[in-house]
Amino acid sequence: MKKEHHILIVDDHLLIIEGYKQVLKTYFSNFSDTLLQVDYAVSFNAAVEKVKYSQKEGSYDLIILDLSMAPSQLHKMNTGEDLGVWVRRLMPKTKLLVITSYDDTIRINNVLNQLNPEGFLLKSEIDAMSLTTAVHGVLENKLIFGKRVGEVLKNRQLSNYHLDTIDLQILKEISNGTKAKDLPNYVPMSKSGIEKRIRMLKQQFNVLEHSNRELVLSAREKGYI
């Protein structure tokens, strides 16, 4: 009996999806005992529907996840991390392979802390061989990390800062133009607590001596808002 692998690719660029599919199907066609089934989703809404439907037929073995996607108001998902956390709760046995363009230390640590993925690569580092090696390795219960992620893991004790829901909410409100004095109306913290969080965020984003606007610009550049 053939071993069947069911994979979902979540990325908002069809060209990338088609490239992944072609590379993976070509690679796995060399294994006569393996059957590969590849689905894809170009939005969070589509991904949620695919994942829910897969539960009826047998959950996905692996989800290849991009982090930069258009937000979903319906499912309250703003980043790939949100989808990944949801998948972890719904299908804890499904493996996650994150492939992203974001290479900053804070974002990488955030993904490692929130998702604990079985694989994590940067798009700038992958080619056909590294993609197939990663997918095959993860399906065989190995942990696969790219060079940049490996560097972050080595220095993790020095840079292990995790943005939580409060941090992200503060960034969102500031980006929406909410004044500092009004933040306690939207964020469940005291004014002094919020001010402390903002100082910590500025420190992590290397804009400690700059305005909240610079903090927002840095956070947006790194894909947090």
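Please treat every number below as a calculation from the coordinates, not as lab data. Values in this document were obtained by computation on a predicted structure and should not be read as measured data. As a convention, Cβ positions derive from the backbone with ideal geometry for all residues, glycine included, and neighbour counts pool all protein chains shown.
What the table shows:
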| quantity | calculated |
| --- | --- |
| Sequence-distant residues sharing a close amide H with D39 (under 5 Å, placed H) | I7, L8, I9 |
| Per-residue [θ]222 nm for the chain (sum of -39500 (n - 2.57) over DSSP H runs n ≥ 4, rounded to 500) | -15000 deg cm²/dmol |
| Span from the region 16-70 Cα centroid across to the region 160-225 one, whole angstrom | 35 |
| Dipole moment magnitude, nearest 20 debye, the chain about Cα centre, only Lys, Arg, Asp, Glu C-beta charged | 600 |
| For region 3-157, with +1 on Lys and Arg beta carbons and -1 on Asp and Glu, the positive-most of L83, S130, F44 along the dipole | L83 |
| Amide H contacts under 5 Å for F145, placed H, 5+ residues apart | F120 |
| Burial order of peptide ranges 132-139, 63-70 (average beta-carbon count within 10 Å, highest first) | 63-70, 132-139 |
| GNM flexibility winner over the chain from L35, L131, L97 (Cα, springs under 10 Å) | L35 |
| Nearby lysines by direct alpha-carbon distance to K172 (threshold 25 angstrom, same-chain neighbours under 8 apart not counted) | K76, K181, K191, K196, K202, K222 |
| Segment L74-K25, extension gain: residue separation times 0.36 nm, minus the distance between their alpha carbons | 14.4 nm |
| Nearby aspartates and glutamates by direct alpha-carbon distance to K56 (threshold 17 angstrom, same-chain neighbours under 8 apart not counted) | E4, D39 |
| Theoretical FRET efficiency, 1/(1+(r/R0)^6), r = Cβ-Cβ of E57 and I166, R0 41 Å, to 0.05 | 0.60 |
| Binned Cα-Cα distance frequencies in region 47-175 - 5 Å width, integer % | 2, 10, 20, 22, 21, 15, 8, 3, 1 |
| Quarter of the Cα convex hull surface for the chain, i.e. its orientation-mean projected area (nm²) | 13.3 |
| Region 165-221, dipole about Cα centre (Lys/Arg Cβ +1, Asp/Glu Cβ -1), debye to the nearest 20 | 140 |
